[in-house]
Amino acid sequence: MIKLVSDTINKEDINSLIEWLSQDEIPRLTKGVLTLELESKWAEKIGTKYSVYVNSGSSAILLALAAILESGKLKNKKIIVPSLSWATDVSSPILLGMEPIMCDCNLEDLSCDLTHLEELFISHSPSSMILVSPLGLVPNMDKIISLCEKHNVILFEDVCESMGSKYQGNYLGSFGFASFFSMYFGHHLSTIEGGFINTNNEEFYHLLLMMRSHGWDRDLPKEKQDELRKKYEVSEFDSLYNFYVPGFNLRATDLQAFIGIRALDKLDEYSKLRNNNFKIYNNLIKVNQLDLIEREGDFVSNFAIPIVNINKKEIVSKLELNGIEVRPLIAGDMSKKPFWYERFGKAFLPNCELINEYGFYIPNHQDLTKEQIKYITDIING
């Protein structure tokens, strides 16, 4: 069996966790100082001022969008979402009462088709967009940022599948107003479950901290706490259960943060291995209708290898019969899912149509061998 993903939490991590848990005095397991340490290190790693650790990548999307709605920064509730994406990139705006507008993908890096994106900017004048970087592939960030600035659109980056990927030397997740990362078991790094929101905006960061935890001020810097308590005439005692904004409970734990702090040291090595596998695959696969690119100056920390081929059913069947895990290309076209078309009807997005009909993806991870890649590609090439 050649699995789609390989565990990034190893025996050494488990032994260290057991040792930490076995102290004479039981360590704090809920959110505490280790969460703060992990957030600081992750922000520094990605190249942003702030990072907020939450209980999943999907929660990161939900919290960030709820916070931008609460902030009053939006000119309207229209938001561009990629049709080639994950369910919560689309369902979160729906559940929050926003107006999602589907954008087609391109066939080089699978992010938004820039021609279609600008058409949507012109015709709908949205306030924001979610840019997904599928499978570690790298979008043309200069052009996307330029379009967002031209049309006054707030950019959110979903980097859940692209941890470690870089555009012109800078990590994806450092370009937008805010970005989302996932630390789920199957992704580049894992804290079992978990996710991050990164941003450079201090006001937004403070809002995220409050809305992550019920809407109270406990996680804020002291000066910000004092400011709010003075403004609303809240005593120190009453502040324990005072709520300034509507909030959730989307906190993760220090137990997960302990694993995460160890995990960060693995990112560069794992990204290099994934990138090397990506190059080997591209040299060996002869039947991919996608023209996957890695621009000069970019770095693809590939999550899985996307393939489009008219003989999809036959190839997928052969892969499965030979013990190779394979999945639909992310999830196909989101506009073809009942939760979308039951509300908004089916869209026609030609590139996503192609991927929905003929797309799938195959394994790439840090433990994959050259021999396994050769075995997989021989089956695909027939």
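A few points about this structure:
- Folded to 0 to 90 degrees: helix 254-263 orientation relative to the chain principal axis, Cα: 50
- Using every pair of distinct Cα positions in the range 178-312, the Kirkwood expression returns a hydrodynamic radius of 18.7 angstrom.
- ³J(HN,Hα) computed for each position of the range 30-44 - Karplus, 6.51 cos²θ - 1.76 cosθ + 1.60, integer Hz, glycine/proline x: 6, 3, x, 5, 5, 4, 4, 5, 4, 4, 4, 5, 5, 4, 5
- Fraction of beta bridges assigned by DSSP in the chain that are antiparallel (%, nearest 5): 60
- When the charge dipole of the range 296-382 is built from unit charges on Cβ atoms (+1 for Lys and Arg, -1 for Asp and Glu) and taken about the Cα centre, the candidate among F360, M334, T377 whose Cα reaches farthest toward its positive end is M334.
- Note on the chain: GNM, Cα springs under 10 Å; of G195, G260, G215, the largest mean-square fluctuation is that of G215.
- Computed in the context of the full set of protein chains, the accessible area of the chain at 1.4 Å probe radius has 50% of its extent on carbon or sulfur.
- Estimated FRET transfer efficiency (N152, L284; beta-carbon r; R0 45 Å; 0.05): 0.50
- Against the empirical curve 2.2 N^0.38 Å, the C-alpha radius of gyration of the range 226-281 lands at a ratio of 2.14.
- Order of exposure, largest accessible area first, which applies to H116, H124 with probe 1.4 Å: H124, H116
- Under 17 Å from K11, Cα to Cα: lysines that are on another chain or at least 8 residues apart: K266
- Modelled spin labels at N249 and N311, positioned 7 Å past Cα toward Cβ, are 5.5 nm from each other.
- Between the Cα long axis of helix 312-321 and the first principal axis of the chain there is an angle of about 80°, rounded to the nearest 10.
- The charge dipole of the chain, taken about its Cα centre with unit charges on the Cβ atoms of Lys, Arg (+1), Asp and Glu (-1) only, comes to about 480 debye.
- Size descriptors for the range 182-248 (Cα atoms only): Rg and Dmax, in that order, 14.8, 47 Å.
- Build a GNM of the chain with springs between Cα atoms under 10 Å apart, and of S40, S51, S22 the one that fluctuates most is S22.
- Solvent exposure of the range 1-56 amounts to 60 Å² per residue of accessible area, where only protein heavy atoms count and the probe is 1.4 Å.
- A cut-off of 5 Å between modelled amide H atoms, ignoring neighbours fewer than 5 places along the same chain, links F303 with G136, L137.
- Between the residues G57, L69, A87, the greatest Cα displacement towards the positive end of the dipole of the range 1-109, with unit charges on the Cβ of Lys, Arg, Asp and Glu, is found for L69.
- If you run the Gaussian network model on the chain, springs between alpha carbon atoms under 10 Å, then out of C148, C160, C105 the most flexible one is C148.
- Separation of the range 64-98 and the range 140-184, taken as the distance between their Cα centroids, equals 16 angstrom.
- The residues of the range 234-323 present an accessible area of 52 Å² per residue when probed at 1.4 Å with all protein chains retained.
- Structure-derived log10 I(q)/I(0) by the Debye sum over Cα atoms at q = 0.06, 0.13 Å⁻¹: which label, when the choices are (1) -0.21, -1.04; (2) -0.24, -1.08; (3) -0.28, -1.11: (2)
- Distance from the range 201-278 to the range 316-382 (C-alpha centre basis), Å: 35
- Surface/4 estimate of mean projected area, convex hull on alpha-carbon atoms of the range 293-382, nm²: 7.8
- Residue among H187, S162, Q225 farthest towards the positive dipole end of the range 133-237, charges placed on Cβ: S162
The values are calculated or read from the model by the stated rules, or taken from the named source; none is laboratory data. Here the structure is a predicted model, which is why all the values come from computation and not from measurement. Note that each Cβ is placed from the backbone with ideal geometry, even for glycine, and that neighbours are counted across all protein chains shown. Side chains included, ligands, DNA and RNA excluded: accessible areas come from the protein's heavy atoms. Shrake-Rupley method; radii C 1.70, N 1.55, O 1.52, S 1.80 Å.
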